[in-house]
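Each reported figure results from applying straightforward, stated rules to the coordinates on display, with no laboratory input. Since we're looking at a predicted model, the values are computed, not measured. Counting neighbours? That spans all protein chains shown, and the Cβs are built from the backbone with ideal geometry, glycine included.
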Amino acid sequence: MEEWIRIVQTHSEVLTVAAIVVMGLILAISLSRILRQMKKLNRSLASITNNIQAYFDVIMQEEAQEQGELPPQESPHGYEQKNMYDEHTKEEQDLIEDSKRKEEEEVFNAVLQEYFS
């Protein structure tokens, strides 16, 4: 025991440097593992967002096709009435599109929360 104390006292500076080097190596290894894990997560997040975007694109294309297939409704009251109807439907379509965007954002956020929780 006395011999160990004498060795520590005589070589304390070397032991301090060695301890710092060992701690630095442990820290470097930990940081490299963390960076690798972050890269994996970043790639998987990019893949998920691309898949979600592709899904939304397909949905939007299907809705556009469905709306394009429907014939416009004719108004029996003439040209002025038809313009009023068109303006009304544009406002409604804007509201519908806004609500769809909000729903898509909620779905996207829910998917991300589910993935990362």
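Run the simple label-point estimate for Glu114 and Glu13 please: 7 Å along Cα→C-beta, distance reported in nm.
The answer from the label model is 6.4 nm.
For Leu45, Leu25, what ranking results if the residue with the fewest other Cβ atoms within 10 Å of its Cβ goes first? Numbers along the way, then the final one.
Working: Leu45 13, Leu25 10.
So the ranking, lowest neighbour count to highest, is Leu25, Leu45.
Taking the number of other C-beta atoms within 10 Å as the exposure measure, put Glu62, Glu2 in order starting with the fewest. List each step's numbers first, then the result.
Working: Glu62 10, Glu2 6.
The order, fewest Cβ neighbours first, is Glu2, Glu62.
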